[in-house]
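The structure appears right after this line, and notes come after that.
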Amino acid sequence: MPTADDKELIWTKKYPELGSAPVPIEPCCSPAYFELERERVFRRTWLNVGRVEELPNPGDYYVRELAVCRTSVLVMRGRDRKISAFHNMCSHRGNKLVWESKGNCRALTCKFHGWTYDTSGRLIGVPDEKNFFNLKKDGNGLTAVKCEIWQGFIFVNLDPDASESLLEYLGEVAEQLKGYPFDKLTSWYTYHADERVNWKILLDAQQEGYHVPILHRRTFVKAFESESIPYYRSVDVRLFRRHRMLAAGGTGDRQGVSPVETLARRYGATTFGAMSGGDYAGKVDSPLTGTFDFWVIFPNFVIAIMEGTYFTYNIWPLAVDHTLWEVRSYYPPPRNAGERFSQEYAKCTLRDPLLEDGSVHEAIQSTLASGAKTHFNFQDEEITLRHGHKVVADYVRDGK
């Protein structure tokens with residue numbers, strides 16, 4: 001790991017256009033600003049809503065409630081095996097079509113008046129159809145939502161006028177993550193946290209390592225601590241037009257690994273083991289910059305990759321001070337009890353640092369609301385936060 005002197009203000013020097021001035025707090029507390037984010041950010045960008053493994057069979061579907069966009073989205077694999085997305089809304093009187101979170105069907109029928117749609121969204125049945133006034137079923141199917149897939153991740157875009165494809169939107173991210181074995185890591189575990197915090201505050205708390213030696217002194221710091229430097233330094237930071245990445249460098253086979261972790265690492269990638277860069281069963285080649293690369297895909301999706309495992313965040317705003325945080329950790333399908341044990345251990349050792357992170361989110365939001373401070377003071381390792389706030393501000397100002 002580099003020494004402190006090697007890393008003085010290196011990221012601000014690499015990206016001088018972002019400056020070093022304090023950053024306003026108001027966008028994290030203002031209801032009016034949040035409404036602009038709703039319309040100019042979330043309703044105009046590509047949003048991750050799941051993975052293809054959630055829809056293995058024709059007729060499989062699930063529902064994603066996108067409160068920030070004031071809609072419910074139905075994602076479904078048709079009988080032709082194509083995955084499509086629709087507003088979860090009947091064309092008759094606007095009733096919510098699907099009420100359960102997931103399922104499988106040959107057709108979907110509205111619980112209000114019985115209008116029926118096939119798995120491609122076509123309206124195929126209307127009770128007492130002859131009593132309508134020249135009703136055209138072909139023009140009254142479910143309202144489609146733009147839906148595209150990258151590396152097995154399903155994205156939607158609610159802007160009917162959006163001309164930019166998902167691949168164009170992802171830009172450098174798609175190119176630089178090419179080759180990572182997402183399709184091999186198809187067993188997942190999920191955590192949800194409903195927090196009274198602005199979505200940007202929650203994301204900011206995750207996308208920097210400055211806090212690691214303090215907040216995570218009993219957990220994550222084990223993977224990154226070094227005798228040569230008493231605080232965290234990224235091994236790389238990459239900032240793009242919308243998206244960003246910071247890479248951490250682990251300590252390798254660190255000392256003091258517990259017997260239970262030693263056993264878990266024998267059968268697979270554990271959270272601390274993968275982050276630190278230590279060897280483990282099933283190690284694979286992947287396009288990593290450090291031992292732990294944290295990719296933020298604007299506006300609210302994170303892919304945090306290591307060798308042999310990765311996890312994701314979906315950070316869904318509900319209100320200016322209310323956010324749903326969804327975390328998924330991914331592993332290869334376990335083939336035996338040892339691999340299943342390893343994954344359960346890895347899941348739990350990811351959970352504990354997440355609880356530490358969550359312990360400060362709401363406290364930050366409550367004190368920001370006092371108005372006692374007007375600006376954040378970001379240091380060099382927090383340049384990803386500075387970049388994130390700028391990208392949001394650009395969208396709020398320009399709508400793109």
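Observations on the model:
- Segment K14-K178, extension gain: residue separation times 0.36 nm, minus the distance between their alpha carbons: 56.6 nm
- At 0.692 mPa s and 37 °C, Stokes diffusion of the stretch 47-168 via Kirkwood alpha-carbon radius, µm² per second: 220 µm²/s
- The chain: relative contact order in percent, alpha carbon pairs under 8 Å with at least 6 residues between: 21 percent
- Cβ-derived FRET efficiency at R0 56 Å, R81 paired with T367, nearest 0.05: 0.65
- Cleavage-rule hits, chymotrypsin sites (Phe, Trp or Tyr not before Pro), the stretch 48-101, DSSP coil, Cβ neighbours within 10 Å at most 14: W99
- GluC sites (Glu not before Pro) within the stretch 1-103: DSSP coil, no more than 13 neighbouring Cβ in 10 Å: E8, E100
- Helix 383-398 and the long axis of the chain differ in direction by around 30°, with both axes built from C-alpha atoms.
- Neighbour counts of C-beta atoms inside 10 Å place K200, K13, K130, K137 in the sequence K130, K13, K137, K200, starting with the fewest.
- Where Rh is the Kirkwood radius over Cα pairs, Rg/Rh for the stretch 4-102: 1.20
- Over 25 Å (Cα to Cα) - which of K178/K390; K13/K373; K14/K390; K96/K400; K82/K184 fall in this group: K178/K390; K13/K373; K96/K400
- Rounded to the nearest 20 debye, the dipole size of the chain about its Cα centre is 1220 debye, using +1 on the Cβ of Lys and Arg and -1 on the Cβ of Asp and Glu.
- Sorted ascending by nearby beta carbons within 10 Å, beginning with the fewest, I25, I124 become I124, I25.
- Hydrodynamic radius (Kirkwood) for the stretch 120-200, which is based on Cα pairs only, to one decimal in Å: 17.5 Å
- Listed from fewest to most Cβ neighbours within 10 Å, the set I383, I149 follows the order I149, I383.
- Rounded to whole numbers, the Karplus 3J(HN,Hα) couplings from phi for the stretch 345-355 are 5, 4, 4, 6, 6, 7, 4, 4, x, 5, 5 Hz, using 6.51 cos²θ - 1.76 cosθ + 1.60 with θ = phi - 60°, and x at Gly and Pro.
- In the stretch 110-212, the chymotrypsin sites (Phe, Trp or Tyr not before Pro) that fall in loop regions by DSSP, at most 16 other Cβ within 10 Å: F112, F132, F133
- Convex hull per residue volume in Å³, alpha carbons only, for the stretch 269-400: 146 Å³
- Extension gain for V260 to A337 (0.36 nm times residue separation, less C-alpha to C-alpha distance): 26.3 nm.
- Environment charge of G171, counting only residues whose C-beta is closer than 9 Å and scoring Lys/Arg +1, Asp/Glu -1: -1
- Computed extension length for A393-T143: 86.9 nm, one decimal, from 0.36 nm per residue of separation with the Cα-Cα distance subtracted.
- Based on Cα atoms of the stretch 95-149, Rg over Rh with Rh as the Kirkwood radius reads 0.99.
- Convex hull of Cα atoms in the chain, direction-averaged projection (nm²): 21.5 nm²
Where a number appears in this text, it was derived from the coordinates with a stated rule and is not lab data. Please read all numbers here as calculations on a predicted model, not as lab measurements. Note that each Cβ is placed from the backbone with ideal geometry, even for glycine, and that neighbours are counted across all protein chains shown.
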